[in-house]
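Quick note: the coordinates plus some simple rules give every number you see, no bench work behind them. Values in this document were obtained by computation on a predicted structure and should not be read as measured data. We place every Cβ from the backbone using ideal geometry, glycine too, and count neighbours over all the protein chains shown.
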Amino acid sequence: MLRYLTAGESHGPALVAILEGIPANLALSADDINRDLARRQQGYGRGDRMKIEQDKVEITSGVRNGKTIGSPIAIRIINRSTEFFGKSITQLRPGHADLAGALKYNQKDVRNILERSSARETAAKVAVGVICKKLLSEYKINFFGKVVQIGGATKEKDWQKAIDEAREKGDTLGGVFEITVTGVPVGLGSHVQRDRCLDGKLAQAIMAIQAVKGVEIGLGFEQASLPGSKVHDEIFYDKEKGFYHKTNNAGGIEGGMSNGEPIIIRAAVKPIATLKKPLKSVDLVSKKPAEAFVERSDVCAVEPAVVVGEAAVAIELATAFLEKFSGDSLEDISAAHKAYLARII
Ligand code: EPS
């Protein structure tokens, strides 16, 4: 079983994660992880925090001589920007976890909520996701993420302008990103029980990313207005490649299982909740009207969200892959995978 936990506050000493269930003998280095950590730090619209941080991972367990050994993999990413950690806040930000978190956890200092709810946590998730991607790449499963929309702009040439305009107004923007995964074998997930449906698991993982408010797979919401003849992907057979479809409106998933076509999943990201020109709000302690709290933040974080989305999808697909081809070493998993592919042709 693959499982993981992250811990760490945005301006605390470090972010950490433990990932258990990765088989032995997978080649893994800090550099493998650092590449995606650097990708996550980029993107037009990022704030000044990214000029301070140079996210690098330290692998503190589970790897010896450049290979996994089957024990839990622990990682740590040091936070350079810790200057806000001691500062108390009481003005609630609409759109963030501030209000619900402060009431739920009985806190008078919103800092105790925002430090953990910050999207900074996604650095640890990306580190875990890279390890899962690395495992899946052994089986020719590859990830391609991209931005498809920023604010209302669907053309790349308009994105920077939209972000610049939002910045000038003291505003923020969200958008849509898309993750495509190729090489996924037929039969990950299952139709037999709701908590084994692959699309359900992917939707949960994507929705659990900070700021994501919508998910669709394949044609998604568009298919609700189309007849079946325009939606369902016809089935063909070829002696070399086996069963296949010429279209992929299902986004690679039918009946809660991968169907052998690329998995295509899109997510809607809401605009960042910290606005330079603050919205009306209330002070948590005095309960009097107050402007929302303003601290350093990003104008738009859809580009980094692509990298986080890839990680979230990779973690779910690796979990489903290891359920199907379970084994404690890479060699055992490869044998099960090879035998299965030979059977289904
Ligand atoms: C982030 C770090 C944060 C923000 C952003 C993402 O750093 P700071 O709050 O110190 O500027 O830039 O967090 C949020 C968007 C949020 O809502 O909390 C990061 O490392 O990705």
Residues satisfying the stated conditions in the stretch 97-110, i.e. buried (at least 22 other Cβ atoms within 10 Å of the Cβ) and part of a helix (DSSP H, G or I)
98, 102
Name, by its number, the condition in (1) in contact with a Cys (Cβ under 9 Å, 6 or more places away or on another chain); (2) more than 30 Å from residue 50 (Cα to Cα); (3) crowded, with 22+ Cβ neighbours inside 10 Å that does not hold for residue 319.
(3)
Within the stretch 186-197, is there a residue that is farther than 26 Å from residue 341 by Cα and touching a Phe, Trp or Tyr at 6+ places or on another chain (Cβ under 7 Å)?
no
Identify, by number, the condition in (1) within 22 Å of the chain's Cα centre (by Cα); (2) within 22 Å of residue 288 (Cβ to Cβ); (3) away from the ligand (no atom under 15 Å from the Cβ) that residue 133 doesn't meet.
(2)
What about residue 316, is it touching a strand residue (DSSP E or B) at 6+ places or on another chain (Cβ under 6 Å), under 16 Å from residue 133 (Cα atoms) and assigned to a helix (DSSP H, G or I)?
no
Step by step: first the residues of the stretch 2-36, then only those that are assigned to a strand (DSSP E or B) and hydroxyl-bearing (Ser, Thr, Tyr), then the one that is farthest from residue 111 (Cα to Cα). Which residue is that?
4
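Residue under question is residue 295, and the condition is that it be part of a loop (DSSP other than H, G, I, E, B), under 18 Å from residue 220 (Cα atoms) and either in contact (Cβ under 8 Å) with a residue 24 or more places away in the chain or among the polar types (S, T, N, Q) (or both); does it hold?
no
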What residue, among those in the stretch 326-340 that are part of a loop (DSSP other than H, G, I, E, B) and in contact (Cβ under 8 Å) with a residue 40 or more places away in the chain, is farthest from residue 263 (Cα to Cα)?
328
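Name the single residue, out of those in the stretch 13-24 being more than 20 Å from the chain's Cα centre (by Cα) and buried (at least 17 other Cβ atoms within 10 Å of the Cβ), that is farthest from the ligand (Cβ to nearest atom).
24
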Subset of the stretch 269-293, residues within 16 Å of the ligand (Cβ to nearest atom), touching a strand residue (DSSP E or B) at 6+ places or on another chain (Cβ under 6 Å) and of a type in the set (A, V, I, L, M), comes to 269, 292
Can you work out which of the residues in the stretch 124-172 that are among the β-branched types (Val, Ile, Thr) and not in a strand (DSSP E or B) is surrounded by the fewest Cβ atoms within 10 Å (Cβ to Cβ)?
154
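Rundown of residues vs (1) without any contact (Cβ under 8 Å) to a residue 24 or more places away in the chain; (2) buried (at least 16 other Cβ atoms within 10 Å of the Cβ); (3) within 9 Å of the ligand (Cβ to nearest atom); (4) within 20 Å of residue 272 (Cβ to Cβ), yes/no style:
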site: 39; (1), (2), (3), (4): no, yes, no, yes
site: 48; (1), (2), (3), (4): no, no, yes, yes
site: 51; (1), (2), (3), (4): yes, no, no, yes
site: 56; (1), (2), (3), (4): no, no, no, no
site: 66; (1), (2), (3), (4): no, no, no, no
site: 74; (1), (2), (3), (4): no, yes, no, no
site: 77; (1), (2), (3), (4): no, yes, no, no
site: 81; (1), (2), (3), (4): no, yes, yes, yes
